[in-house]
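Below is one structure; the comments refer to it alone.
The values are calculated or read from the model by the stated rules, or taken from the named source; none is laboratory data. Predicted model, so just to flag it, every value in this text is computed and none were measured. Note: ideal-geometry Cβ built from the backbone for every residue, glycine included; neighbour counts use all protein chains shown. These accessible areas exclude ligands, DNA and RNA; they are computed on the full protein's heavy atoms, side chains included. Shrake-Rupley method; radii C 1.70, N 1.55, O 1.52, S 1.80 Å.
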Amino acid sequence: MKEEIMSTIRTEQLGDVLLIEINNPPINAGSLTVRQGLTAAIQQLQAQPDLRAGVIIGGGTTFVAGSDLREFGQPLQDPQLPTVLAQIETCSKPIVAALHGAALGGGLELALACDARIALAGTLMGLPEVTLGIIPGAGGTQRLPRRVGVSRAILMICSGERIKADKALALRLVDEVVSADLQTHAIALAQRLAGRKCRIRDEQVPTEDAAVIEQAEQAALRAGKRRPAVLAAIAAVKNAALLPVDESLAQERAVFQQLRVSTEAFALRHQFFAEREATKLPSTLSAAPRPLQTVAIIGAGTMGAGIAICALDAGLAVILLEQDSAALQRGQQRVTDHYQGRVSAGKMKASLAAANEARLVPTTDWAQLSRADLVIEAVFEELAVKQEVFKKIDQYARAGAVLATNTSYLDVDAIANATARPQDVLGLHFFSPANVMKLLEVVRGARTSLDVLATGMDLGKKLKKLPVLTGNAFGFIGNRIYNAYRRQCEFMLEDGAWPEDVDSALQGFGFAMGPFAVADLTGLDIAWRMRKSQAASRDPRERYVSILDQLCELGRLGRKTDAGYYTYVDGKKSKATDAVVRNIIEHASQQRGLTRQALSAAQIQRRAMLAMVNEAALLLQEGIASRASDIDVVLVQGYGFPRWEGGPVFWARQQERSALEHDLQVLAAESGHGFVVADLSVLLN
Ligand code: NAI
């Protein structure tokens, strides 16, 4: 007998068991109709005397892999999830959760409210709410510790960790794991329960050493940067061992309701949706990608080797080409070292590492390029060198191959025009380390054809990256905004701040590192070289801060020379800058006729943010960025911008508009000649 309750829930009576199937593709997200349907199905199970048990299962490829996040920003409609879960628990007949695909967030909470859980091998389970600025709000913080213990629950909830079914079985999170026939096994399990209710809420929290819990708490606080959701999650989990369950469930819900409408939760949801949006090309640019199986990478340095690794990991065949055998040997060694490291750390099976490495063809023979569907150039950052290389690529690559440059700043058109096929050329700007960083800027040149652009986006997805479309302008989206930010920070040095003031203010804002510590880490000489190459075309009226150049002239290139803005002893950064640096800075202030005035952390943060926001608006005005939200993805994913602030555009939208516009005028005056004030309406409206 089959009966439709709601379009998202299908019920079917199978003997004395009611099968309750959730059908809300693509991920069976928990939503109002799902909750309504579940309520009706549970009522049916309770009411029908010939039914003895229920099984909740996901239709399609997964159990409930999360909740409909859009609901979280609005007033929640009844029935809310805790009510549905209470109905499961008070139903006199046992209900089994049958898990496959993923049981995440509200999905795992649903499973934990059932009387037993059975999972298909490989099913992923986790409570990722904290990564979205909230805490599990339907008993996750109470039922999970009753099974896995407080310390493990703190670590799992605060990190949003996903575990696989076998681990979940070892932790008693699931009761059974099967390799096939999930539904049949789930029904058998429901029948074996023989009418017995087994509610996790009634179980005792396992006793643990206070020191073990303290250790987990400290680790979670460190990793989670003491964000509000992390603090709240720890408190909620600890409540499980302290309070009567109804009281702690009510407290959890109250905190969840508060957090879900916090600015931080809105920022994290904004970033979540922005990332999904970014990977899609605007409809006017969409085209079918060209087929992609073999990638040739030219230059096996830091970036080339990293790109090779992620292409190998994605199952592609890789030709790695260098200018001589010594450089090739070094590049190949980088790849080998990487895989050896993964295997010895237990993060990759030796057989998989070997299979990946076996698809690598290191070579110095340009004729090999003819086999490639895509060629990615990652040689030195010099236009003439890159143009030479592209001439050669043009000679050897097959017709129809996609040709890409990994340049950070250079003009993609000037590179494309070195070939007779600029329509096949685009920029693929990877970030370092290329096998770790998810961001990939896909740069559209003036003549890049749409299927070439689509191939770039497609490659990004194949490599499990976040490809973001950008136009061809100096520094594309990311480096251009970062340059505007760093430049403003240099102005602040002349105006009266020390590098450590700026760095600590911006770290206080949430950046992983301040700009001067970053500059020391990456090497000041990179910027120095670029500045020299731009010197001839620089407008002499422009406010130009020469502090970095002077440091480089003294051989202070950053960490690699044990001195830059800071000094380094055994690789450890000094807290403050030394007298040499301070003298250079003071002299720079004098030269500009400025009386140094200390800047507060709030002033530093605001100036830095305004500089970013202004540049973001310019990029939108110029059409270099096609969506405002793409800019937020680039800054968060590639530049250590705090995710919980949502990105510069999200940040700007939280400010009072007239104050923002006023402060931008002040910033323009402080920044001097050449500072272009953007029309903020492009990103605020
Ligand atoms: P690198 O100096 O580590 O490696 C460059 C490699 O290219 C060297 O191994 C060199 O032997 C090889 N090479 C030079 N000329 C060649 C030629 N004619 N034929 C074949 N191989 C040649 O440089 P890195 O850092 O890997 O940078 C490469 C490119 O990636 C640059 O355009 C850079 O701007 C860009 N990039 C670098 C990032 C970084 O953080 N290092 C981040 C994003 C992009």
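Across region 548-567, a minimum of one residue is classified as in contact with a strand residue (DSSP E or B) (Cβ under 9 Å, 6 or more places away or on another chain), part of a strand (DSSP E or B) and without any contact (Cβ under 8 Å) to a residue 12 or more places away in the chain.
Do you know which residues across region 387-406 are within 8 Å of the ligand (Cβ to nearest atom) and in contact with a strand residue (DSSP E or B) (Cβ under 6 Å, 6 or more places away or on another chain)?
Initially, region 387-406 is screened for residues within 8 Å of the ligand (Cβ to nearest atom), giving 388-389, 392, 405-406.
Selection gives VAL389, THR405, ASN406.
The combined condition, being acidic (Asp, Glu), farther than 17 Å from CYS198 by Cα and open to solvent by 40 Å² or more (accessible area, probe 1.4 Å), is fulfilled by ASP166. Of the numbered criteria (1) among the β-branched types (Val, Ile, Thr); (2) in contact with a helix residue (DSSP H, G or I) (Cβ under 7 Å, 6 or more places away or on another chain); (3) surrounded by fewer than 24 Cβ atoms within 10 Å (Cβ to Cβ); (4) within 22 Å of GLY140 (Cα to Cα), the one THR8 fails is (4). Only residues that are buried (at least 20 other Cβ atoms within 10 Å of the Cβ) and either more than 12 Å from GLY137 (Cβ to Cβ) or of a type in the set (Phe, Trp, Tyr) (or both) were counted across region 255-265, and they come to 1.
Of all residues in region 114-143, those satisfying the criterion of being open to solvent by 10 Å² or more (accessible area, probe 1.4 Å) and of a type in the set (A, V, I, L, M, F, W, C) are LEU120, ALA121, LEU124, VAL130, LEU132.
Screening GLU176, GLU217 for residues that are open to solvent by 20 Å² or more (accessible area, probe 1.4 Å), farther than 30 Å from ASP16 by Cα and of a type outside the set (A, V, I, L, M) leaves exactly one candidate, GLU217.
GLY593 meets all of the listed conditions (1) out of contact with any helix residue (DSSP H, G or I) (no Cβ under 7 Å at 6 or more places or on another chain); (2) open to solvent by 80 Å² or more (accessible area, probe 1.4 Å); (3) part of a loop (DSSP other than H, G, I, E, B); (4) of a type outside the set (A, V, I, L, M, F, W, C) but one, namely (2). Considering the conditions (1) over 21 Å from the mean Cα position of the chain (by Cα); (2) open to solvent by 60 Å² or more (accessible area, probe 1.4 Å); (3) assigned by TED's automatic domain parsing to the domain that holds ASP78, GLN293 is excluded by exactly one of them, (3). Taken over region 302-330, the criterion of being more than 19 Å from LEU439 (Cβ to Cβ), near the ligand (Cβ under 8 Å from one of its atoms) and open to solvent by 20 Å² or more (accessible area, probe 1.4 Å) is satisfied by GLU322, GLN323, ASP324, ARG330. Applying the criterion of at least 2 residues that are under 16 Å from ILE88 (Cβ atoms) and at pLDDT 95 or above to the helices (runs of 4 or more DSSP H) found wholly in region 126-209 leaves 140-148, 182-192.
From the list ARG556, ARG607, ARG582, ARG529, pick out the single residue that is open to solvent by 60 Å² or more (accessible area, probe 1.4 Å) and modelled with pLDDT of 95 or more. Before you say what the answer is, go through the steps one by one.
Working: ARG556 fails: open to solvent by 60 Å² or more (accessible area, probe 1.4 Å); ARG607 fails: open to solvent by 60 Å² or more (accessible area, probe 1.4 Å); ARG529 fails: modelled with pLDDT of 95 or more.
Within the list ARG556, ARG607, ARG582, ARG529, the selection yields ARG582.
A residue that is open to solvent by less than 40 Å² (accessible area, probe 1.4 Å) and within 11 Å of the ligand (Cβ to nearest atom) can be found somewhere in region 413-421.
Output the helices (runs of 4 or more DSSP H) that fall wholly within region 624-685 and possess 3 or more residues being open to solvent by less than 40 Å² (accessible area, probe 1.4 Å) and at pLDDT 95 or above, or say none. Before you say what the answer is, go through the steps one by one.
Numbers: elements: 628-639, 648-654, 657-671, 681-684.
In region 624-685, the matching helices (runs of 4 or more DSSP H) lie at 628-639, 648-654, 657-671.
Restricting attention to region 385-401, which residues are open to solvent by less than 70 Å² (accessible area, probe 1.4 Å) and among the aliphatic types (A, V, I, L, M)?
The first filter runs over region 385-401 and keeps only residues open to solvent by less than 70 Å² (accessible area, probe 1.4 Å), leaving 385-387, 389-390, 393-394, 397, 400-401.
Passing the criteria: VAL385, VAL389, ILE393, ALA397, ALA401.
Taking the options ALA473, ALA484, name whichever one is of a type in the set (A, V, I, L, M), open to solvent by 10 Å² or more (accessible area, probe 1.4 Å) and closer than 23 Å to GLN597 by Cβ. Only one candidate qualifies: ALA484. Scanning region 367-382 for residues that are touching a helix residue (DSSP H, G or I) at 6+ places or on another chain (Cβ under 7 Å), under 15 Å from ALA418 (Cβ atoms) and either within 10 Å of the ligand (Cβ to nearest atom) or in the same structural domain as MET530 (by TED's automatic domain parsing) (or both) turns up GLU377, VAL379.
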